[in-house]
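First the structure, in the form of structure tokens, and then the observations on it.
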Amino acid sequence: MDSSSVTRTVSVTRMNSGDHACLGFDDDETRWELRAAYADIGLSRGELVVFFTDRATTPPSRPSI
């Protein structure tokens, strides 16, 4: 097995400015939870956070107040 076929897992808390991630999700709730964590970490560091999604992405569910 060469190094290009090895799967690596890195926590979003260990990502740095300029890093890129490609992630798979089991459901939309998990997708939004991870996006929220990623955005929160980036914004707390003063970074610009950008998400690119496709048209099939459903809006996040909002908690009732």
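No value in this document is a laboratory result; all are computed from the given coordinates. Bear in mind the structure is a predicted one, so any value in this text is a computation, not a measurement.
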PHE51 passes all but one of the listed conditions (1) over 14 Å from MET15 (Cα atoms); (2) within 10 Å of the chain's Cα centre (by Cα); (3) not in a loop (DSSP other than H, G, I, E, B); the exception is number (3)
For residues that are within 10 Å of the chain's Cα centre (by Cα) and assigned to a helix (DSSP H, G or I), tally how many sit in segment 9-29. 1
